[in-house]
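Taking it in order: structure first as C-alpha cells, then the write-up.
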Amino acid sequence: MNGSDMYSVEDRDKRKRFGIGIGIGIGVKIRAMGLKTLGESRVEKLKANARSPKMKLWIIRATTMVLLWTCLVQLTALGDTWGPRVLKGWPSSVTQDSHSLDVKFLPSGPARVLPPKRVYQNNGYLMVSCNGGLNQMRSAICDMVAISRFLNVTLIVPELDKTSFWADPSEFEDIFDVDHFITSLRDEVRILKQLPPRLKKRMELGYVHTMPPVSWSDISYYHNQILPLIKKFKVVHLNRTDARLANNGQPLELQKLRCRVNFNALRFTPQIEYLGRRVVQLLRKNGPFLVLHLRYEMDMLAFSGCTQGCNPDEVDELTRMRYAYPWWKEKIINSDLKRKDGLCPLTPEETALTLRALDIASDIQIYVAAGEIYGGQRRMASLAAAFPKLVRKETLLGADDLQFFQNHSSQMAALDYLVSLESDIFIPTYDGNMAKVVEGHRRYLGFKKTILLDRKLLVELIDGYLSGLLSWEEFSSAVKDAHMARMGSPKKRKVVPERPKEEDYFYANPEECL
C-alpha cells in the first residue's frame, strides 16, 4: 500500500496545515527499510494514533532523528575511507612500499583532545612573509605567533621565502603540518589559512600596509608601533621576519610560547616525518651515529667570503656569486683574516683533523647533513679517508624516496633536521641558523651531546700542528681541553645590553623552557 493511500484527502490537507508532509514521507521510507518488524499490531496502533496532531509531530521528530543519525554514521565511515587520499603531496608509493621499507609505526592512540579556543577581541589581522632558509624561517614563525598572541590579532598562516638563493617553491603546508599548527595553538591565538574574503579582495587591490619591523625589538615596540597600524588598516603585512624579536627581557609567558610553537606546534608533514624515521632506522641498524653539519656549500662560501683551500677559478666563481646578490652587503672580504677570527666554516680537511683530535672513533657512522659540498670528492677525500663510514640521505635512500623532495631544499633540510635531533652526537662546523636551532632543540630533549666547535681556537691549533709547532699529542690534548665545556650542557644565555647581535640566540638556548 502506497503512503498516499493511507490517508484521506482531509488528512492530507491537515498535513499541509501542520507542515508535516515531508516527515511522513521520511517515515514511510524508514518503514519500508524495516519497521515491519515491529509487528502488525503496533503498526495498526500507530495508524490510529497518527490522527492526533501531537502524535504526528512526535513521529516526525523521531524519524528525522533516526535519519540524521544514519547519515552521520555513513559520512563518518566515508571520511575514514577518503581521508588519507586527500593528504597533499603524499607519495602513492609510500603505501605500496611500506612492507618493503620495514617501518614499524606506533599504534594509534586515542583521538587528541583539542585545546579550547581562546576568546578575545580581535584587533585585526597580521600577515607575514618569512625570509631565509628553513631554520631562519622556523624561528621567525615562532616569533610571529608570540607577537600575534600578545597583540590579540589573528595570524594568517605565514608565507615562506621563494626568492632566496635556494629558490624553493614550497608552501607552508608542504613542509609543516598546517592543520596541527592551527589547532594545537587555538587556545593561544586564532590562525587562519587565508584572510576573510572581504579583506582578501582589498589586499589583492593593493590596500594593505606592508613594512619590515625593526630587528631585535622588544614586545613593547609591537604594542606601541605595530598594533596601532593594525587597528588603523585592519591588516598589516610584515615582509621581513628574521630576528625581529629580542632574545632577552621578554615576558616569561611570551618566551614559553615561543618554545611551545617551536617544539610542539611546528611539526613536519607526514611525508617528511616518515622519511626521517626511515633514515634513523637505517642508521640505528649499524650502531651509533654522528651527524656532521658540514656547512661547506657554495652559497655559504660565497656569502662569507671564505675561500680556504679553493683554487683561483673557484675563488673567482665565489666572488662573482657574492656580487650577484645585492642583499649580501659585504663584497670585499679578506678570507685569511676572517678565518683567523673564527668567522669561516671549517673546511672538510680541518674538520677531519678536529674529529680525530676529539678521539671520534674512525669506524663511527657519520651522516653528513648538508647540501652539495663545494669542490666535491676532491675536498671530501681527507675526511672520507679518516672516516670511511660517511653517509648522506642520498646514499641511504633510493631515488624514488627522494623524488618528491628534489629542487625543494627546505624539505631536504627538514629531513636533515629530524636526523640531527636523533643522532648520538651533533657537530656543526659553522654556527648558522640550523646549527643554532638544532642545538636548542637538543637541549630541550635532555641536553643531548652537541659539540660546539671553537673555530677561532681550532684554526690556530690546526695551523700550529700543520706547521710543526705542535705534536699530534699536544694538538689533540689542546682540542679536547678546549671543548670539554662545549658539549651542550646547561648554561646561562649570554646577555649583552644594547648589542643584541652579540647575545646568545634564544633558539640556541631557550633556558626559560628547560
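Rundown of residues vs (1) touching a residue at least 24 places away in the same chain (Cβ under 8 Å); (2) open to solvent by less than 20 Å² (accessible area, probe 1.4 Å); (3) part of a helix (DSSP H, G or I), yes/no style:
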site	(1), (2), (3)
Y430	yes, no, no
V438	yes, yes, yes
K448	yes, no, no
L452	yes, no, no
Y465	yes, no, yes
G468	no, no, no
E473	no, no, yes
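Scan the stretch 432-440 and give yes if some residue there is of a type in the set (G, A, S), over 14 Å from the mean Cα position of the chain (by Cα) and over 24 Å from P348 (Cβ atoms), otherwise no.
First, the residues of the stretch 432-440 that are of a type in the set (G, A, S): 432, 435, 440.
Okay, now just the ones that are also over 14 Å from the mean Cα position of the chain (by Cα), so 432, 435, 440.
Narrowing further to those that are over 24 Å from P348 (Cβ atoms): 440.
So far as the stretch 432-440 goes, yes, one or more of its residues are of a type in the set (G, A, S), over 14 Å from the mean Cα position of the chain (by Cα) and over 24 Å from P348 (Cβ atoms).
Among the residues examined, E173 does not qualify as under 14 Å from the mean Cα position of the chain (by Cα), open to solvent by 20 Å² or more (accessible area, probe 1.4 Å) and free of Cβ contacts under 8 Å to residues at least 40 places away in the same chain. Among the candidates Y444, Y417, the residue that is within 18 Å of the chain's Cα centre (by Cα), open to solvent by 50 Å² or more (accessible area, probe 1.4 Å) and hydroxyl-bearing (S, T, Y) is uniquely Y444. For F426, the conditions (1) open to solvent by less than 20 Å² (accessible area, probe 1.4 Å); (2) among the aromatic types (F, W, Y); (3) in a helix (DSSP H, G or I) are fulfilled apart from (3).
Give the residue, chosen from F387, F404, that is open to solvent by 50 Å² or more (accessible area, probe 1.4 Å) and out of contact with any His (no Cβ under 7 Å at 6 or more places or on another chain).
Working: F387 fails: open to solvent by 50 Å² or more (accessible area, probe 1.4 Å).
After applying the criteria, what remains is F404.
Would you confirm, using the coordinates I've provided, whether Y323 is over 25 Å from F475 (Cβ atoms) and touching a Leu at 6+ places or on another chain (Cβ under 8 Å)? Considered against the rule, which asks whether it is over 25 Å from F475 (Cβ atoms) and touching a Leu at 6+ places or on another chain (Cβ under 8 Å), Y323 comes out as no.
With the condition being closer than 24 Å to I219 by Cβ, I'd like the helices (runs of 4 or more DSSP H) fully within the stretch 129-186 carrying at least 3 qualifying residues. Outline the logic, then answer.
Numbers: elements: 134-151, 172-175, 178-184.
Those helices (runs of 4 or more DSSP H) span 134-151, 178-184.
Restricting the first member to the stretch 235-254 and to residues that are over 15 Å from V208 (Cα atoms) and among the β-branched types (V, I, T), and the second to residues that are modelled with pLDDT of 95 or more and surrounded by fewer than 19 Cβ atoms within 10 Å (Cβ to Cβ), the beta-carbon pairs closer than 9 Å and six or more apart or on different chains are T241/P212.
Among the residues of the stretch 461-514, those identified as modelled with pLDDT of 95 or more, over 30 Å from the mean Cα position of the chain (by Cα) and among the acidic types (D, E) are D463, E473, E474, D481.
Of the residues making up the stretch 389-408, one or more are on the phi > 0 side of the Ramachandran plot and assigned to a loop (DSSP other than H, G, I, E, B). Can R267 be described as in contact (Cβ under 8 Å) with a residue 12 or more places away in the chain and more than 30 Å from L396 (Cα to Cα)? Spelling it out, it is not the case that R267 is in contact (Cβ under 8 Å) with a residue 12 or more places away in the chain and more than 30 Å from L396 (Cα to Cα).
Checking each residue in the stretch 257-286 for being open to solvent by less than 10 Å² (accessible area, probe 1.4 Å) and among the polar types (S, T, N, Q) picks out N262, T269.
Please verify whether the stretch 287-303 includes one or more residues that are within 23 Å of G376 (Cβ to Cβ), open to solvent by less than 30 Å² (accessible area, probe 1.4 Å), modelled with pLDDT of 95 or more and in a loop (DSSP other than H, G, I, E, B). Within the stretch 287-303 (the criterion being within 23 Å of G376 (Cβ to Cβ), open to solvent by less than 30 Å² (accessible area, probe 1.4 Å), modelled with pLDDT of 95 or more and in a loop (DSSP other than H, G, I, E, B)), the answer is yes, since at least one residue qualifies.
If you filter the stretch 339-369 down to residues that are under 27 Å from the mean Cα position of the chain (by Cα) and open to solvent by less than 10 Å² (accessible area, probe 1.4 Å), you find that the one that is nearest to V459 (Cα to Cα) is P345. Note on the stretch 181-195: among residues that are open to solvent by less than 20 Å² (accessible area, probe 1.4 Å) and not β-branched (V, I, T), the one that is farthest from K117 (Cα to Cα) is L195. The residues of the stretch 187-205 that are free of Cβ contacts under 8 Å to residues at least 24 places away in the same chain and part of a helix (DSSP H, G or I), listed by number, are P197, R198, K200, K201, E204. Among the residues making up the stretch 239-256, those that are open to solvent by 10 Å² or more (accessible area, probe 1.4 Å) and either among the β-branched types (V, I, T) or in a helix (DSSP H, G or I) (or both) are L252, E253, K256. For the stretch 217-238, the set of residues classified as under 21 Å from V157 (Cβ atoms) and open to solvent by 60 Å² or more (accessible area, probe 1.4 Å) consists of F233, K234, listed by residue number.
When you scan the stretch 304-319, how many residues do you find that are touching a helix residue (DSSP H, G or I) at 6+ places or on another chain (Cβ under 6 Å) and not in a helix (DSSP H, G or I)?
First, pick out the residues of the stretch 304-319 that are touching a helix residue (DSSP H, G or I) at 6+ places or on another chain (Cβ under 6 Å): 305-308, 318.
The next check asks that each one be not in a helix (DSSP H, G or I); those that pass are 305-308.
Summing the residues that are touching a helix residue (DSSP H, G or I) at 6+ places or on another chain (Cβ under 6 Å) and not in a helix (DSSP H, G or I) in the stretch 304-319 gives 4.
Within the stretch 313-338, the set of residues being open to solvent by less than 20 Å² (accessible area, probe 1.4 Å) and small (G, A, S) comprises just one member, S335. Restricting the stretch 134-170 to residues that are touching a strand residue (DSSP E or B) at 6+ places or on another chain (Cβ under 9 Å) and open to solvent by 20 Å² or more (accessible area, probe 1.4 Å), the residue that is nearest to D416 (Cα to Cα) is D161.
The values are calculated or read from the model by the stated rules, or taken from the named source; none is laboratory data. What you are looking at is a predicted structure, and each value in this text was computed from that prediction instead of being measured. Virtual Cβ from ideal backbone geometry, glycine too; neighbours counted across all protein chains shown. For accessibility, only protein heavy atoms count, side chains too; no ligands or nucleic acids. Shrake-Rupley method; radii C 1.70, N 1.55, O 1.52, S 1.80 Å.
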